[in-house]
Amino acid sequence: MEKYKIQKDSVQETLIIPLYGRKLAMDMYPGNFEDRHCQQLFERIDYDFPKQGKLMTKAGAIMAATRQYDLASVCKEYLVKHPKACVVNLGCGLDTTFRQVDNGTAKGYNIDFPDVITARNELLPETERERNIPGNLNDTSWFEQIDFNPEDGAVFFASGVFYYFKREDVKKLFCSMAEHFPGGKLVFDATNKRGLKSMLKTWLEPSEMGNVGVYFSMEDEKELMDWSDRFSGVVRKGYLTGYRPLDKRYGAITNMVFRYVDKHKMCQIIELEF
C-alpha cells in the first residue's frame, strides 16, 4: 500500500500528535479505546514517528484518546434526542469521531484548512453522509455548507483547536454560531493560563513546533454567558475524569496527576448550548 507523506513544517504535521497518541493508547490499553480507523491511518502515513514516540508519554497518549472519547460521548448524547442532526468537526485534522458516533441518519461535516483537507481526502475520503470542507473557521462562509434544519439540530465539536485562536476570534465565532444555529450545541477542550503555558512547554516545544502561537485560555466557563444572550447554558467537566472513571491500569501516580489537572482546570471540556 502506498503511503501518504506528511510534509515537514506544514499544518499537516500538527495532525500527527493526537493521531499517534490515540494509536499508542489503544496499543497500551486494548478495549479501553476503540478507533479502528486510527489504526488503519497509522499504517498509511509516511512520517518520522520515532521522534513523536519520545515526546508522547503514556500520560500524553491517554489524554489524547480520552479527549476524543469525551467529545464522542457528548455527540452521542445529543444524537439520542436529535437523530438527524448535523455533526460538525471543527478543525478536523484526521479525526474519525463522526464515524464512531454515526447512527445511520446523522450528517457529518469535517472542516479544516485546505492542505489538511487534501490529506484527509486522500486518507479519509467522503462517504454518503460525510463531507470534507476546506476553509478557515474564522471565515464563517462555511456556515452555508452545513445543511442545517433547526428541527433536526446540530452538534459541533473541536479537539485541540481553540488554543491557537485569539480570544476575540473565539468570541466572534461562538456568537456567530449561536445566531446561525439556534438549538445547537458546541463542545470543545480548553485550559486555563497555567495549562496553556504547560502545553507550550510540554508538547509544542519538544516537537519542534514551539513557534506555533497558543493564545486562548479560560479561567471560568461562566464567563462565556456574558458573550451573548443567545447562549442558553454552559457546563464544564474535567476531561480526564468527567465522562467516565479513571482506569486503575493507568497507575496510581498517573491517576493522581490526572485528578490534579482536572481539579485545577488545566484540562477541561466545555459544553456550550445555543
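Can you go through Y47, Y20 and tell me which one is of a type in the set (S, T, Y) and under 23 Å from Y164 (Cα atoms)?
Y20
Quick check: anything in segment 15-37 of a type in the set (F, W, Y) and at pLDDT 80 or above?
Yes, that holds for at least one residue.
Quick one: which residue in G213, G251 is at pLDDT below 95, out of contact with any strand residue (DSSP E or B) (no Cβ under 8 Å at 6 or more places or on another chain), over 27 Å from F33 (Cβ atoms) and not charged (D, E, K, R)? Steps first, please.
Numbers: G251 fails: over 27 Å from F33 (Cβ atoms).
The unique qualifying residue is G213.
Of the residues in segment 91-112, how many are under 15 Å from P134 (Cβ atoms), out of contact with any Pro (no Cβ under 9 Å at 6 or more places or on another chain) and not aromatic (F, W, Y)?
Of the residues in segment 91-112, 3 are under 15 Å from P134 (Cβ atoms), out of contact with any Pro (no Cβ under 9 Å at 6 or more places or on another chain) and not aromatic (F, W, Y).
What's the number of the condition L240 fails, among (1) crowded, with 17+ Cβ neighbours inside 10 Å; (2) touching a strand residue (DSSP E or B) at 6+ places or on another chain (Cβ under 9 Å); (3) aliphatic (A, V, I, L, M)?
The failed condition is (2).
Are any residues in segment 212-271 within 21 Å of the chain's Cα centre (by Cα), without any contact (Cβ under 8 Å) to a residue 60 or more places away in the chain and within 27 Å of P30 (Cβ to Cβ), and if so, which ones?
G238, T241, P245, L246, R259, D262, listed by residue number.
Out of segment 220-254, which residues are under 14 Å from V170 (Cβ atoms) and either in contact with a Gly (Cβ under 8 Å, 6 or more places away or on another chain) or charged (D, E, K, R) (or both)?
Listed by number, the residues that qualify are E221, E223, D226.
Just give me the residues in segment 133-165 being of a type in the set (S, T, N, Q) and farther than 23 Å from E77 by Cα, in sequence order.
N136, N138, T140, S141, Q145
The values are calculated or read from the model by the stated rules, or taken from the named source; none is laboratory data. None of the values given here were measured: they were computed from a predicted structure. Every residue, glycine among them, receives a Cβ derived from its backbone with ideal geometry; neighbour counts consider all protein chains shown.
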